[in-house]
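The values are calculated or read from the model by the stated rules, or taken from the named source; none is laboratory data. Only a predicted model underlies this, so the values are computations on that prediction, with no experimental measurement involved. FYI the Cβ positions are ideal-geometry reconstructions off the backbone, even for glycines, and counts take in every protein chain you see.
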Amino acid sequence: MQETFRWFGESDTVKLSDIRQAGATGVVTALHHIVNGELWTISEIQKVKDNIENAGLKWSFIESIPIHENIKLRIGDYEERIEVYKQSLRNVAQCGIKNVCYNFMPVLDWTRTHLFWELEDKSTALRFDKVEMAVFECFIMKRNGAENSYSLDILEQAQVSFKGMSNDEKQRLEDSILKGLPGTVDDLTIPVFKDMIAQYDNVSHEDLKANLSYFLNRIIPLCEELGVKMAIHPDDPPIDIMGLPRIIKSERDLDDLVNFIDSPSNGITFCTGSLGANPDNNLPKMIEKFKHRIHFLHLRNVKREANGSFYEDNHLGGSSDMYEVVKTVLKIEKDRGVSLPMRPDHGHQMLHDLKNNNTYAGYSAIGRLRGLAELRGLALGISKSHII
Ligand code: DNO
């Protein structure tokens with residue numbers, strides 16, 4: 001595996017020099033200052049690339065060139081927007097960067113109810129709490145019909161929890177869900193968010209899949225020409241939220257994805273944290289099954305709870321067997337004769353991260369360094385023991 005670290009650009013308090021000291025050789029980043037849907041110009045791409053290379057690192061993966069909502073919905077100016085997307089792909093390829101992560105999640109990207117949830121050892125983790133999600137949807141945002149998405153038991157707990165919450169706690173919950181996403185330029189407010197969600201009122205899973213298929217059929221032939229590999233990020237968490245259809249959650253969804261257009265350019269970011277939040281996903285089996293389409297790895301480990309809540313545990317802790325995951329990754333790399341870019345995804349805020357807590361949620365320096373170091377040791381141990 002090629003070790004990489006995500007970097008959010010100049011505004012990131014984790015610097016390229018820190019990434020180098022963590023032992024990573026690659027950087028994963030995007031033009032975070034460009035608004036979703038705008039063209040990525042060669043000069044802007046080249047500036048970021050030079051910056052990374054001057055720090056002795058390589059730009060391994062673009063995460064992400066985001067997809068405009070009009071393309072996901074196939075409304076309005078979506079054809080022009082696909083053309084802009086294609087031009088951005090030509091431009092990144094011309095700068096020599098040919099790995100592109102993206103996602104097709106409606107409105108929201110990854111969603112958590114807590115960005116700094118305190119663990120027993122006083123480090124903090126990201127958490128998705130089903131009851132708090134119900135509090136937000138049913139009592140804070142008051143989404144029409146939200147009650148139908150929850151069991152009676154969760155709704156009762158949500159009611160009690162809401163009554164006991166201070167205004168600050170309510171605000172913290174709202175901000176975690178609507179403003180928690182690192183590296184985006186747009187922060188959402190409840191009214192704007194409601195309007196955006198309403199656009200999906202009559203969009204089913206099948207409709208959204210058809211739109212993804214349409215998009216891929218428009219861009220993948222160009223990607224093949226350019227040698228660009230697209231790698232879709234799964235939906236996180238892997239469930240429908242806020243009544244929005246989410247379509248990349250399971251083995252079946254990935255089956256559909258690879259069948260939309262049969263091409264090595266139509267690939268997957270295998271995120272063990274997103275897919276691992278669904279107990280039905282057998283991660284080693286899926287890695288083996290989609291081995292020719294996995295271009296990028298996000299390794300992290302969530303601890304699942306009985307009611308559908310989860311938090312992000314240590315990289316070798318959590319509910320997924322990271323030993324089996326890494327063993328399978330090394331095996332498919334051997335079969336294919338490749339070394340896949342991998343980043344330790346998310347990390348706890350710990351040690352110095354806690355004193356300097358202006359890092360992006362999930363993207364602390366030391367927490368991710370710990371994750372990377374543990375994964376590196378695990379991979380080395382597996383390789384040296386000749387079990388694959
Ligand atoms: C979370 C990330 C996601 C991911 C995008 C990819 O930490 O893995 O935000 O970058 O969904 O498009």
Residue identified as more than 17 Å from the chain's Cα centre (by Cα), within 16 Å of the ligand (Cβ to nearest atom) and among the small types (G, A, S) among G26, G76: G26
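Would you call A210 surrounded by fewer than 16 Cβ atoms within 10 Å (Cβ to Cβ), assigned by TED's automatic domain parsing to the domain that holds A361 and modelled with pLDDT of 95 or more?
yes
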Of all residues making up region 103-125, the number that are within 20 Å of H352 (Cβ to Cβ) and part of a loop (DSSP other than H, G, I, E, B): 5
Residue match in region 152-165 (condition: closer than 21 Å to D195 by Cβ and either in the same structural domain as T189 (by TED's automatic domain parsing) or surrounded by 15 or more Cβ atoms within 10 Å (Cβ to Cβ) (or both)): no
Total residues in region 42-73, condition more than 16 Å from the ligand (Cβ to nearest atom) and under 16 Å from R218 (Cβ atoms): 2
V338 vs. criteria away from the ligand (no atom under 14 Å from the Cβ), over 21 Å from the mean Cα position of the chain (by Cα), of a type outside the set (S, T, Y) and modelled with pLDDT of 95 or more: yes
Test: residue in region 129-136 that is buried (at least 21 other Cβ atoms within 10 Å of the Cβ), in contact (Cβ under 8 Å) with a residue 60 or more places away in the chain and within 15 Å of the ligand (Cβ to nearest atom): no
Residue in region 307-319 that is acidic (D, E) and free of Cβ contacts under 8 Å to residues at least 12 places away in the same chain present: no
Breaking point among (1) under 20 Å from L372 (Cβ atoms); (2) in contact (Cβ under 8 Å) with a residue 60 or more places away in the chain; (3) acidic (D, E); (4) surrounded by fewer than 20 Cβ atoms within 10 Å (Cβ to Cβ), for E324: (2)
Region 258-274, subset over 17 Å from I287 (Cβ atoms) and assigned to a helix (DSSP H, G or I), residue nearest to the ligand (Cβ to nearest atom): F260
Members of region 213-233 found to be among the aliphatic types (A, V, I, L, M), part of a helix (DSSP H, G or I) and either surrounded by fewer than 20 Cβ atoms within 10 Å (Cβ to Cβ) or touching a Ser or Thr at 6+ places or on another chain (Cβ under 8 Å) (or both), listed by number: I220, L222, L226
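Quick test for you: out of I366, I382, I332, I388, pick the one residue that is farther than 21 Å from W110 by Cα, of a type in the set (V, I, T), more than 16 Å from the ligand (Cβ to nearest atom) and modelled with pLDDT under 95. Write out each step before concluding.
On the way: I366 fails: modelled with pLDDT under 95; I382 fails: modelled with pLDDT under 95; I332 fails: modelled with pLDDT under 95.
None of the other options fit; the residue is I388.
Condition first: out of contact with any strand residue (DSSP E or B) (no Cβ under 6 Å at 6 or more places or on another chain) and either charged (D, E, K, R) or closer than 24 Å to L115 by Cα (or both). Now tell me which residues in region 316-343 satisfy that.
Residues satisfying the conditions are L316, G317, S320, D321, M322, E324, K327, K331, E333, K334, D335, R336.
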Region 191-238, residues that are more than 23 Å from R293 (Cα to Cα) and β-branched (V, I, T): V192, I197, V203
